[in-house]
Amino acid sequence: MFIYYLQMAMKSLLKTKVTSALMIIAIACGIGISMTALTLNHMTDNNPIAHKNDQLFSLQLMTIGREDTYWFEDGRYPYQITYQDATNIVRDNPDMKLAPMYKSGFAVRNEAQTSKPFLNSARLTSRHFFSLFDMPFLYGSTWSKKADKDGANVVVISDEMNTKIFGGGDNTNKQIYLDNTLFTIVGITKTWKPAPKFYDVNNGPFQKVEQFFVPLSLSPIMEIGSWGNNNGWKDESINNHQDKLQSEIMWLQFWAQLDTKEEKEAFEQYLTGYISEQKKLGRFNRDDAGAALSNVQQWLDLNNVVGDDSSVLVGVSFMFLAVCLVNTIGLLLAKFLRSAPEVGVRRALGASKGQVFIQHLIEVGLLGFIGGLLGLVMANLGLYMLRNEFNGFNVVATMDLTMLFAAPVIAILATTLAGLYPAWRVCTTLPSVHLKTQ
Amino acid sequence: MFTMIPTQIGPIFSAMMRNKGSVSLIIIQIALTLAIVSNATFIISERIAMMQRDTGLPVEEIFSVNSFFFDENIDSIDQITLDAQRIREIPGVISATAINQVPLSGSGDSWGIRDKRETQGAKVAYTGVYRGDEHTLSALGQKVSQGRDLNTDDVIFWRGNVQMPKVAVVTKALAEELFGDKNAIGQYVYTGPADTAEPIEIVGVVEQMQGSWVHSDIVEKNIFLPIVEEWNSFTLVVRAEQSALDSIALDIEETLLGLEKNRVIGEPRTMENMKKSSYQRDRLMTNMLMIIVFVLIFITALGIAGVSIFNVNRRRKQIGTRRALGASKGNIVSYFMTESALIAIVGIGLGSILTFGLNSFLMKQFSTSSLSLDYVIFTMVGIVVISQISAFWPAKKATHISPAIATRSA
């Protein structure tokens, strides 16, 4: 019976080619534009580590020591913390899985210094970084506890860099130059390019992901500067790197793995105690000094990764889709009522109201399906043009499976919804009205 | 013909009432269209206005390139001075120098600059800070409109000891924020901790120059400090004649490596590209909204035309009968045009509530600005015009319906 309805639907659409074409185009335009905006929104609104969302927490500290809030909106905590706070907290909690970090970069050369040096960003962090963010090692492992404590010229690289420098293979214990210093490779990880780069959103959520990792403990020893943001509220004299390490400048990110509720509460208690201790030293000089822990999704929301523009575009696009659908309802109404005589004959021959209703809904569904497919093509064309026109849109302006399925599904659902009223109108017409000789 | 319109409204209205379904649909469509198009065109014009602001920079003449030293034996200050000198000699180059940040690039340094040595009670302006030698202003294509440019004697070198220069040049916006209408030349500014802050005299004012962050409030407030720093990473900013820019940028890596090979030279970036990148999200918004507006108007126009054709066909008998009773072709046309205008007016009335509702939602959720009435009125007029145009052809077609229909049975 369904196939029969489908055949009738097809015949009916072909009978009124112009009207059908108009409806399909209207739906396709609506779907095309909505899916383009929705894809941008959906891909940006991505949580790359959703499975560990409730175990990973980003730490913020309200260290700004005067009542004004520098350049943050009222109540909002700064996004980064000071070097002294990061190292203090790690030192006080040696058994916890903590990853303080910041972004820097080096000129990379092979050991023989025969390769052309290239610049690459790098991340200084603790040995726990890789287990925190589930980065598997292809060869080797993270560096030792001693390296974390005292500093060591060791580096973990991604497989992509491994291939670029060596052509692949197990190259642990080989050495490379980072700037002018020889580093030993202790581990090679599977390449991971999370989009957005949630653990450090400071310079933009879709910035290039670092492929070199070295111990944070090298920062005071090698005086490695930051390639990220540095925010200072206090008028301090910062003449060199050591001054910066002891200052109130906020330039580090800090992540903790807290597997259970108890662990989180224990850590929060520790932080409260830490802040009161620091207040005695004259720091955290404000009444509402405090700490905040956000899980990954909360952190992404806090940083407004999706962005207002994206949400506005989705809203306006779906309103546009609504107009296309209202348009379609009008055209469907016109078309169905024009074919009312034929419906009258069918009803007189025994078709029930329900059957007429279903038949018309299937026709509407078919319309939605065709319009949805065409809309999918239009959306992909739109996304293709966006990728070409704008920088850094390669990940965000590409449909994933969810979006590919969403397009025809939304089209069919929306069109069917639109078709309810016209289908109802046509199935309630009295057969007798149309059987009279016209 | 116009005297007949008031008397026509009665029958038109009752005809519409008999056709509630399709009339309501068009009214809803028009209402939504008004809401979307008014708000969208408003946002578009705001974004375009933002993108078209004068940058105060000769954007097509400037590019920058990063130089990164990894060899500690190289004296970076000597090297970049040599680099800049050599680049200034290249034919086509107007000026070049090492600098800490590039305007319109999206990244840079900002400091609090204040008008008193003490921090208590001082007026503080958050400012973009440009540090370079005496060629800084010319490399950025800037001229002072008051006072003088920086010169060689003003320049301070930071080799380990950080100390503020005695003079600086500021943009007018910064001067006005700190000193109001007073002449900024000869005033003093301060930065850093109060116990060690030395006065910096303003010797020149640049009329207008945008800084690194185009969407920020501080974009017009910038200060030029004659400082050359000993960092291992430098940005060289080069200003060249527009026609020569691309080829100079292409050769720059070779030129610089030729002067010192123990370093990494980054990809040169033109200021034009930086500007484009900075405004990327505004261009995206503008382009998508423009497509939506255009397609929406098109679809609504088609919708109105479609429903009008439908109406005409449904009322063949009525039209034929009226013609038989003496209505002229003009009467028929004006009947349908009036009907279409009435629908449009009701749609607009309903739509204006929706429009301001949408705008206040956008304002609350996304801090867009308050919709200016011009856009609403302009869109309303546009909708009426379009609905009249869309209804015209079906109305014309209606006039061809033969009066003879009236005499046929049923």
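So which of A:Met378, A:Met403, A:Met399 ends up being within 12 Å of chain B (Cβ to nearest Cβ), within 30 Å of A:Phe206 (Cβ to Cβ) and not polar (S, T, N, Q)?
Result: A:Met378 is the single residue among A:Met378, A:Met403, A:Met399 that is within 12 Å of chain B (Cβ to nearest Cβ), within 30 Å of A:Phe206 (Cβ to Cβ) and not polar (S, T, N, Q).
Return yes when A:Gly419 is buried (at least 17 other Cβ atoms within 10 Å of the Cβ), within 14 Å of another protein chain (Cβ to nearest Cβ) and either more than 18 Å from A:Ser34 (Cα to Cα) or not aromatic (Phe, Trp, Tyr) (or both) and no when it is not.
yes
Which is at pLDDT 95 or above and not in a strand (DSSP E or B), of A:Arg123, A:Arg127?
Exactly one of A:Arg123, A:Arg127 is at pLDDT 95 or above and not in a strand (DSSP E or B), namely A:Arg127.
Checking A:Met399 against (1) in contact (Cβ under 8 Å) with a residue 12 or more places away in the chain; (2) assigned to a loop (DSSP other than H, G, I, E, B); (3) loosely packed, with under 14 Cβ neighbours inside 10 Å, which single condition isn't satisfied?
Among (1) in contact (Cβ under 8 Å) with a residue 12 or more places away in the chain; (2) assigned to a loop (DSSP other than H, G, I, E, B); (3) loosely packed, with under 14 Cβ neighbours inside 10 Å, A:Met399 violates only (3).
At pLDDT below 90 and of a type in the set (Val, Ile, Thr): is that true of A:Ile329 in this structure?
yes
Those residues that are farther than 17 Å from B:Ser145 by Cα, at pLDDT below 95 and away from chain A (no Cβ under 12 Å), I need them from the stretch B:181-197; list them, please.
Residues satisfying the conditions do not exist here.
Of everything in the stretch B:354-368, what is assigned to a helix (DSSP H, G or I) and touching a residue at least 12 places away in the same chain (Cβ under 8 Å)? Give them in sequence order.
B:Leu354, B:Thr355, B:Phe356, B:Gly357, B:Leu358, B:Asn359, B:Leu362
Within the stretch B:258-271, identify whether any single residue is part of a helix (DSSP H, G or I), buried (at least 17 other Cβ atoms within 10 Å of the Cβ) and modelled with pLDDT under 95, and answer yes or no.
No, the stretch B:258-271 contains no residue that is part of a helix (DSSP H, G or I), buried (at least 17 other Cβ atoms within 10 Å of the Cβ) and modelled with pLDDT under 95.
Taking into account only those residues within the stretch A:117-131 that are away from every other protein chain (no Cβ under 14 Å) and not basic (Lys, Arg), which is surrounded by the fewest Cβ atoms within 10 Å (Cβ to Cβ)?
Here the residue is A:Ser131.
What's the number of the only condition in (1) surrounded by fewer than 18 Cβ atoms within 10 Å (Cβ to Cβ); (2) modelled with pLDDT under 90; (3) in contact with a Ser or Thr (Cβ under 6 Å, 6 or more places away or on another chain) that A:Phe318 fails to meet?
Status for A:Phe318: all satisfied but (2).
Of a type in the set (A, V, I, L, M) and either in contact with a Phe, Trp or Tyr (Cβ under 7 Å, 6 or more places away or on another chain) or buried (at least 21 other Cβ atoms within 10 Å of the Cβ) (or both), is that true of A:Leu302?
No; evaluated as a whole, the condition is false for this residue.
Going by the structure shown, is A:Val305 of a type in the set (A, V, I, L, M) and in a helix (DSSP H, G or I)?
no
Those residues that are closer than 30 Å to B:Thr119 by Cα and modelled with pLDDT of 90 or more, I need them from the stretch A:17-73; list them, please.
The answer is A:Gln60, A:Leu61, A:Met62.
Read through the list (1) of a type in the set (Lys, Arg); (2) within 14 Å of chain A (Cβ to nearest Cβ); (3) under 30 Å from A:Asn180 (Cβ atoms), then give the number of the only condition that B:Arg47 fails.
With respect to (1) of a type in the set (Lys, Arg); (2) within 14 Å of chain A (Cβ to nearest Cβ); (3) under 30 Å from A:Asn180 (Cβ atoms), B:Arg47 is out only on (3).
Looking only at the stretch A:230-270, count every residue that is outside any loop (DSSP other than H, G, I, E, B), crowded, with 19+ Cβ neighbours inside 10 Å and away from chain B (no Cβ under 14 Å) and tell me the total.
7
Within the stretch A:18-54, which residues are out of contact with any strand residue (DSSP E or B) (no Cβ under 9 Å at 6 or more places or on another chain), in a helix (DSSP H, G or I) and away from every other protein chain (no Cβ under 14 Å)? If you could, list the steps in order and put the result at the bottom.
Restricting attention to the stretch A:18-54, the residues satisfying the condition of being out of contact with any strand residue (DSSP E or B) (no Cβ under 9 Å at 6 or more places or on another chain) are A:18-48, A:50-51.
With the extra rule that they be in a helix (DSSP H, G or I), the set shrinks to A:18-44, A:50-51.
Those that are out of contact with any strand residue (DSSP E or B) (no Cβ under 9 Å at 6 or more places or on another chain), in a helix (DSSP H, G or I) and away from every other protein chain (no Cβ under 14 Å): A:His42, A:Ala50, A:His51.
Could you run through the stretch A:347-386 and say how many residues are surrounded by 16 or more Cβ atoms within 10 Å (Cβ to Cβ) and of a type outside the set (A, V, I, L, M)?
So the answer is 13.
Does B:Thr255 satisfy being of a type in the set (Ser, Thr, Tyr), surrounded by fewer than 20 Cβ atoms within 10 Å (Cβ to Cβ) and outside any helix (DSSP H, G or I)?
Numbers: of a type in the set (Ser, Thr, Tyr): yes; surrounded by fewer than 20 Cβ atoms within 10 Å (Cβ to Cβ): yes; outside any helix (DSSP H, G or I): no.
Against the criterion (of a type in the set (Ser, Thr, Tyr), surrounded by fewer than 20 Cβ atoms within 10 Å (Cβ to Cβ) and outside any helix (DSSP H, G or I)), B:Thr255 does not qualify.
Just one of B:Ile309, B:Ile304, B:Ile292 is part of a helix (DSSP H, G or I), under 29 Å from the mean Cα position of the chain (by Cα) and either surrounded by fewer than 18 Cβ atoms within 10 Å (Cβ to Cβ) or facing chain A (nearest Cβ under 10 Å) (or both); which is it?
Working: B:Ile309 fails: under 29 Å from the mean Cα position of the chain (by Cα); B:Ile304 fails: under 29 Å from the mean Cα position of the chain (by Cα).
Testing whether each residue is part of a helix (DSSP H, G or I), under 29 Å from the mean Cα position of the chain (by Cα) and either surrounded by fewer than 18 Cβ atoms within 10 Å (Cβ to Cβ) or facing chain A (nearest Cβ under 10 Å) (or both) leaves just B:Ile292.
Taking the stretch B:181-213, which residues are part of a loop (DSSP other than H, G, I, E, B) and within 27 Å of B:Met51 (Cα to Cα)?
B:Glu207, B:Gln208, B:Met209, B:Gln210, B:Gly211, B:Ser212, B:Trp213
Take the conditions under 22 Å from A:Leu252 (Cβ atoms) and more than 14 Å from chain B (Cβ to nearest Cβ) and apply them to A:Trp227. Does it pass? Spell out how you get there, then give the answer.
Values: under 22 Å from A:Leu252 (Cβ atoms): yes; more than 14 Å from chain B (Cβ to nearest Cβ): no.
Here the answer is no, as A:Trp227 does not meet what is asked.
How many of the residues in the stretch A:322-337 are within 36 Å of the chain's Cα centre (by Cα) and more than 7 Å from every other protein chain (Cβ to nearest Cβ)?
So the count comes out to 2.
What number goes with the only condition from (1) of a type in the set (Ser, Thr, Tyr); (2) surrounded by fewer than 21 Cβ atoms within 10 Å (Cβ to Cβ); (3) at pLDDT below 90 that A:Ser276 does not pass?
Looking at each condition in turn, A:Ser276 falls short on (3).
Would you be able to say whether some residue in the stretch A:388-395 is more than 14 Å from chain B (Cβ to nearest Cβ), out of contact with any strand residue (DSSP E or B) (no Cβ under 8 Å at 6 or more places or on another chain) and closer than 16 Å to A:Thr36 by Cβ?
There is at least one residue in the stretch A:388-395 that is more than 14 Å from chain B (Cβ to nearest Cβ), out of contact with any strand residue (DSSP E or B) (no Cβ under 8 Å at 6 or more places or on another chain) and closer than 16 Å to A:Thr36 by Cβ.
Keeping to the stretch B:249-273, report how many residues are farther than 30 Å from B:Glu72 by Cβ and either touching a strand residue (DSSP E or B) at 6+ places or on another chain (Cβ under 8 Å) or of a type in the set (D, E, K, R) (or both).
3
So which residues in the stretch A:197-220 are modelled with pLDDT of 95 or more and aliphatic (A, V, I, L, M)?
Those that are modelled with pLDDT of 95 or more and aliphatic (A, V, I, L, M): A:Val214, A:Leu216, A:Leu218.
The values are calculated or read from the model by the stated rules, or taken from the named source; none is laboratory data. None of the values given here were measured: they were computed from a predicted structure. Glycine also receives a Cβ, built like all others from the backbone with ideal geometry; neighbour counts cover every protein chain displayed.
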